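In what follows, a single structure is set out as structure tokens and then discussed.
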């Protein structure tokens with residue numbers, strides 16, 4: 001399963017670590033990432049990959065939602081295919 | 001990693017109200033016909049609830065996994081006038097109650113197909129169905145009804161036009177809000193996923209998934225980037241945006257069809273507004289350069305928008321169908337409501353606009369005192385525009401019982417509110433009372 005995780009929020013120490021740590025716990029492999037600061041807003045995009053047998057999308061989403069509540073960041077997780085479908089011919 | 005396309009997609013969904021307006025499952029009821037009405041209704045209930053048992057679940061799954069809002073889950077069935085005709089029933093309200101029960105069991109928002117096709121004439125079931133519409137709509141909340149009174153190939157059934165004016169008045173006498181569940185069509189399409197006009201056409205497969213997209217906000221936002229540029233640039237920008245929006249419809253429809261094990265039918269390339277801010281077709285027209293929708297130039301701007309949406313969308317999906325064009329329902333578009341309230345948009349201009357966009361006079365409140373014949377006259381005019389221009393047109397008017405110009409009818413939620421609009425007081429009585437049939441136009445003879 002491939003998914004794009006986007007994180008947006010007030011810039012602060014440890015955002016990357018928190019998100020990466022949670023993904024590591026879920027055994028999600030980060031295959032690509034990019035980050036930028038836009039108007040003091042930290043914006044990060046991660047492309048993650050994991051074994052469908054070990055982790056369902058629903059469970060990954062629940063974990064990200066929990067992190068979102070705990071961290072005050074806005075975190076989205078979406079399966080990657082949707083971006084390819086809309087943006088690529 | 002390419003972050004720009006990802007951010008753009010997320011922005012389209014999160015900020016510009018891009019969504020899948022509806023996933024509609026079409027279900028044929030021909031195998032439910034029975035000489036015993038009770039048995040027919042049991043078969044109808046069983047077929048609908050069995051065929052669509054996973055529709056809501058699958059739509060919710062897709063929404064969660066891909067982060068695409070799917071607003072409505074709907075069902076369209078074969079026109080009930082055809083299915084019920086074999087039964088001895090004299091009143092078809094029980095069929096509407098069966099549809100309602102199935103829709104509630106499945107958790108779908110709306111179910112369409114309490115319909116009759118009378119463009120050329122009435123068969124036994126048609127008269128009974130049409131007579132049952134007021135009671136059927138009064139006793140249900142999810143059932144949608146439509147009647148096709150004309151087509152380019154068949155002409156216009158003026159008897160039916162007259163009858164539908166009376167039926168609409170009858171519905172409004174009970175509760176004007178129920179009128180929003182009834183559409184009177186010319187050139188109705190078999191694979192329309194949008195309500196209230198969706199039904200499952202007679203030539204369709206046993207079951208099919210059709211998808212209706214939306215996204216006026218996305219088009220509006222894209223046009224902000226080309227302010228002051230030539231109209232050619234506007235057209236190109238709309239095409240590019242429509243392409244992306246339609247790709248999402250194709251994507252969602254393909255996945256939904258796979259998971260439901262039902263063939264994927266069509267994507268309907270419509271721009272369907274909602275009363276939410278930034279989700280308005282009128283705002284697109286104003287972004288093109290009109291001070292207000294309704295200003296001279298509105299019809300031309302809408303013609304360009306409608307055409308560019310289709311050109312962009314056609315290449316983005318395998319099969320295009322349904323109504324495919326810009327919708328202009330007054331009550332469902334915040335900017336349209338404002339324009340009507342400010343006296344900048346009237347029924348006559350809306351009628352002109354329907355000649356170049358999909359559908360017709362949609363979600364328009366008229367004074368309660370408007371005569372049945374005036375409503376029939378409006379239906380006849382729209383049907384004539386559809387018949388001559390070889391396109392779908394429709395009328396969904398709401399006679400606001402006890403209200404007049406200056407008042408408002410409140411529908412709630414996605415259906416918004418409608419300011420009561422002035423209707424020309426001159427009467428078409430003698431024309432409507434002639435009855436009979438307007439012959440098919442000369443250009444329908446293509447063989």
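Any read-out appearing in this document is the output of simple, stated calculations on the displayed coordinates, not a laboratory observation. Predicted model only: the values in this text are computed from it and were never measured. With ideal geometry, Cβ positions are generated from the backbone for all residues, glycine too; neighbour counts draw on all protein chains shown.
Brief remarks follow.
- When every Cα-Cα distance of the range A:2-87 is counted in 5 angstrom steps from zero, the calculated P(r) takes the values 3, 14, 27, 26, 18, 9, 2, 0, 0 percent.
- Helical contribution to [θ] at 222 nm, DSSP H n ≥ 4, -39,500 (n - 2.57), averaged over chain B, rounded to 500: -13500 deg cm²/dmol
- Using R0 = 22 Å, the C-beta based FRET efficiency linking residue B:86 and residue B:138 works out to 0.30.
- Its Cα gyration tensor gives chain B an equivalent ellipsoid. The semi-axes, each the square root of 5 times an eigenvalue, are 32, 28, 19 Å from largest down.
- Neighbouring Cβ atoms from other chains, within 10 Å of the Cβ of residues in B:56-66, number 3 on average.
- Between residue B:233 and residue B:342, the simple label model (points 7 Å from Cα in the Cβ direction) yields a spacing of 2.5 nm.
- Ordered by the number of other Cβ atoms lying within 10 Å of each residue's own Cβ, fewest first, B:240, A:25 fall into the sequence A:25, B:240.
- In terms of other Cβ atoms within 10 Å, B:221, A:18 run from fewest to most in the order A:18, B:221.
- Sequence of B:319, B:50 once ranked by neighbouring C-beta atoms within 10 Å, starting from the fewest: B:50, B:319
- Compactness of the protein assembly as shown is given as radius of gyration and Dmax, 24.3, 80 Å, from Cα positions.
- Long-range tail of P(r) for the range B:52-194 (Cα pairs > 20 Å, %): 50 percent
- The per residue volume of the convex hull around the alpha-carbon atoms of the range B:1-58 is 120 Å³.
- Average other protein chain Cβ within 10 Å of Cβ, residues B:5-17: 4
- The distance between label points at residue A:80 and residue B:54 comes to 2.6 nm (points 7 Å beyond Cα on the Cα→Cβ vector).
- Kirkwood Rh in Å, taken over the range B:214-444 so that all alpha-carbon pairs contribute: 18.7 Å
- Under 19 Å from the residue B:7 label point (7 Å along Cα→beta-carbon), backbone N, the range B:211-234: B:218, B:221-226
- Each peptide in B:134-143, B:358-367 gets a packing score, the mean of other Cβ atoms within 10 Å over its residues, and the list from highest to lowest is B:358-367, B:134-143.
- For the range B:148-222, the fraction of alpha-carbon pairs lying more than 16 Å apart is 65 percent, rounded to a whole number.
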